[in-house]
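Take a look at the following structure, please.
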There are 2 protein chains.
Amino acid sequence: MTDAPNRSSYRHGDLRQALIEAGLDMARQGGPDAIVLREATRRAGVSPNAAYRHFADRQELLEAVSASAQGLAADAMEDAVEAQPGTGDPAVDARLRVGAVGRGYLAFARREPGLFRAAFTVPNDLSEAFDADKAGYRGRTPFQVLAEALDALHAAGVLPAERRQGAELLAWSSVHGLGMLALDGPLRGLTDEMLDGATERLLLMVDRGL
Amino acid sequence: MTDAPNRSSYRHGDLRQALIEAGLDMARQGGPDAIVLREATRRAGVSPNAAYRHFADRQELLEAVSASAQGLAADAMEDAVEAQPGTGDPAVDARLRVGAVGRGYLAFARREPGLFRAAFTVPNDLSEAFDADKAGYRGRTPFQVLAEALDALHAAGVLPAERRQGAELLAWSSVHGLGMLALDGPLRGLTDEMLDGATERLLLMVDRGL
DNA sequence: GGAAGGATGTGTACGCTGTCCACAATGACA
DNA sequence: TGTCATTGTGGACAGCGTACACATCCTTCC
């Protein structure tokens with residue numbers, strides 16, 4: 001991550017990416033507020049102002065880091081989906097898949113609270129929910145991962161069309177809320193077991209309520 | 001809010017409260033990040049260091065402002081409950097009351113996004129969910145308002161005991177998530193009508209899923 | 001192949017922030 | 001009335017984000 005001492009040329013090579021990665025490291029430990037531009041340049045072995053060749057200001061760096069963190073979240077979600085064994089029944093599988101998406105999202109929140117906050121706490125428009133820089137290594141953004149799971153739910157005949165529309169909202173809100181409350185909010189002190197329980201109950205509620 | 005010019009005595013009178021109120025004003029316009037200690041002292045007509053007689057550091061001021069903002073949220077929630085007309089049927093009323101709590105919460109989020117973020121984004125323990133400084137003018141904290149509505153749901157026979165426990169979690173998560181996504185998240189651009197629709201659908205899901 | 005010009009990095013500087021320290025004014029109480 | 005804890009002041013410091021002018025490099029085109 002740091003290539004401060006070993007830089008032969010005047011040019012860095014890929015400073016933009018280096019700054020984002022430094023930002024990710026800082027966010028990992030303290031959320032978006034811990035992302036400090038000067039420190040990022042320090043870690044990249046570059047003068048503070050060099051950052052301004054790649055980002056208009058700190059806010060833009062923040063957004064780039066947030067986008068990267070969203071990609072990592074997408075990975076966690078897809079991992080959870082892949083780990084979900086199939087039952088042979090398409091309807092059941094589709095429902096399990098939606099659950100796995102939620103579980104993956106929350107697992108990411110708990111495993112990487114700082115990155116989670118960086119990903120989903122920094123202002124973000126729905127219009128950009130498909131931007132490539134928010135995608136994980138499989139090429140999908142968190143929103144896409146959820147949307148496709150819901151599409152599958154619809155395709156399997158579980159979710160009628162009129163309730164498919166806007167279903168992202170309901171599912172995402174619930175799960176996101178639990179994540180936030182468990183991180184910053186009143187649920188901080190909860191044990192892992194309690195959080196697991198809350199997660200399953202919440203997913204059940206969403207499954208029934210969609 | 002500002003009593004900068006008119007202070008006759010060396011003593012301020014109630015500097016602590018003045019700083020909190022200045023903090024609330026700043027938070028109203030930019031969320032918790034916009035709360036700056038020096039600016040608060042400036043508005044209170046006092047030197048920067050005076051703040052340290054009342055708060056150990058900026059973080060403590062932040063927490064005090066957050067607590068006050070939670071009180072305002074509690075007010076909004078109770079207002080919504082009071083505005084809810086009764087139907088005569090206790091079971092229906094209890095369910096409507098829970099819905100009103102959620103609607104009040106979200107109305108507050110949309111009316112005062114900065115204060116909402118200050119209230120529920122600043123780290124906060126469940127163990128302190130009943131602290132008096134988080135209460136609104138009716139003396140209840142947001143958590144209490146929700147808990148009592150759920151108690152009423154149980155008392156009305158709608159919510160069996162085994163599902164009453166931890167129900168705060170489910171209800172709060174869903175509603176909180178929608179609030180956050182609508183403020184900072186991908187749902188920022190949604191029109192009022194769309195948000196209203198999402199709110200009602202979400203509340204329906206919670207009502208069915210609790 | 002050499003000059004031109006855009007892209008990228010550096011140096012210096014400014015105002016602002018949170019916070020530390022020593023000191024001053026005040027009010028309460030012996 | 002004198003003592004002392006409480007509350008406010010003044011000055012200082014390092015760190016931050018950022019602006020401006022300048023340096024270095026890479027590419028491109030004659």
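Any read-out appearing in this document is the output of simple, stated calculations on the displayed coordinates, not a laboratory observation. Just so you know, these numbers come straight off a predicted model, no measurement behind them. Here the Cβ positions follow ideal geometry from the backbone for every residue, glycine too, while neighbour counts run over all protein chains shown.
Let me know the shape class of chain A, please: from the alpha-carbon gyration tensor, a ≥ b ≥ c as square roots of the eigenvalues, rounded when a/c is under 1.5, otherwise prolate if a/b is greater than b/c, or oblate.
Details: a/c = 2.52, a/b = 1.98, b/c = 1.27.
Here chain A falls in the prolate category.
Starting from one equal scatterer on each C-alpha and no solvent at all, send me the Debye-based log10 I(q)/I(0) for region B:94-210 at q = 0.10, 0.14, 0.23 Å⁻¹, two decimals.
Log10 of I(q)/I(0), two decimals: -0.30, -0.60, -1.43.
Can you pull the mean other chain C-beta count within 10 Å for peptide A:196-204?
Numbers: counts 0, 2, 4, 2, 0, 8, 7, 0, 2.
Mean inter-chain Cβ contacts per residue within 10 Å come to 3.
Using only the Cα atoms of region B:9-64, build the gyration tensor, take square roots of its eigenvalues as a ≥ b ≥ c, and label the shape rounded, prolate or oblate: rounded if a/c is under 1.5, else prolate if a/b is larger than b/c, else oblate.
It comes out prolate by the Cα gyration axes.
Still on this model: With an 8 Å cut-off on Cα pairs and a minimum separation of 6 or more residues, tell me the relative contact order of region B:66-209 in percent. Present the calculation step by step, with values, prior to reporting the outcome.
Values: 165 pairs, mean separation 43.5, N = 144.
Contact order relative to length: 30 percent.
Please give the net charge around A:Gln84, taking every other residue with its beta carbon less than 9 angstrom from that of A:Gln84, where Lys and Arg add +1 and Asp and Glu add -1. It would help to have the intermediate numbers written out before the result.
Details: positive: A:Arg97, A:Arg103; negative: A:Glu82, A:Asp93.
Here the charged neighbours net out to 0.
Which whole number gives the average count of other chain Cβ atoms within 10 Å of the Cβ atoms across peptide B:120-131?
4
What are the label-to-label distances in nm, one decimal and shortest first, from A:Glu200 to the same spot in the other copies, with labels 7 Å along Cα to Cβ?
3.6
Assigning unit charges at the beta carbon (Lys, Arg +1; Asp, Glu -1) and nothing else, what dipole magnitude in debye, to the nearest 20, does region A:66-209 show about its Cα centre?
240
So what is the calculated 222 nm ellipticity per residue for chain A, using -39500 (n - 2.57) for each DSSP H run with n of 4 or more, over all residues, to the nearest 500 deg cm²/dmol?
On the way: 9 runs with 134 residues, N = 210.
About -21000 deg cm²/dmol.
Next question. Hydropathy at least -0.5 by Kyte-Doolittle, axial extent at least 18 angstrom from the Cα trace: which helices of chain B, defined as entire DSSP H runs, fit?
Numbers: long enough: B:15-30 (22 Å, -0.04); B:58-83 (38 Å, 0.06); B:90-111 (30 Å, 0.09); B:142-155 (20 Å, 0.74); B:167-183 (24 Å, 1.21); B:192-209 (25 Å, -0.17).
Taking the DSSP H segments of chain B (at least 18 Å long, mean hydropathy at least -0.5), we get B:15-30, B:58-83, B:90-111, B:142-155, B:167-183, B:192-209.
Now for a separate question. Just to be sure I understand: chains A and B are related by a rotation, so which residue of A has its Cβ closest to that axis, and how close in Å?
Value returned for chain A: A:Gly177, 1.
Assume the label is 7 Å from Cα along Cα to beta carbon: what separations in nm does B:Ala83 have to the matching positions in the other copies?
4.4
Next question, about the same structure. From the backbone phi of region A:127-140, what are the Karplus-calculated ³J(HN,Hα) couplings (6.51 cos²θ - 1.76 cosθ + 1.60, θ = phi - 60°) in whole Hz, Gly and Pro given as x?
After applying 6.51 cos²θ - 1.76 cosθ + 1.60, I find 4, 10, 5, 10, 4, 4, 6, 9, 8, x, 6, 8, x, 10 Hz.
While we're here: Once you place label points 7 Å from the Cα toward the Cβ at B:Asp125 and A:Arg16, how far apart are they in nm?
Taking the two extended label points, one gets 4.5 nm.
Here's another thing I want to ask about it. How would you classify region B:21-107 from its alpha-carbon gyration tensor, with a ≥ b ≥ c the square roots of the eigenvalues: rounded for a/c under 1.5, else prolate if a/b is greater than b/c, otherwise oblate?
Prolate shape, in that a/c is at least 1.5 and a/b is the bigger ratio.
Related question: Hey, for a label at B:Ala34 modelled as a point 7 Å past Cα toward Cβ, could you say which residues of region B:105-121 have their backbone N under 18 Å away?
Under 18 Å, as judged by backbone N against the label point of B:Ala34, lie B:108-121 of region B:105-121.
How are the Cα pair distances of the protein assembly as shown distributed, in percent, across 20 Å bins from 0?
Pairs per bin, as whole percents: 25, 53, 21, 2, 0.
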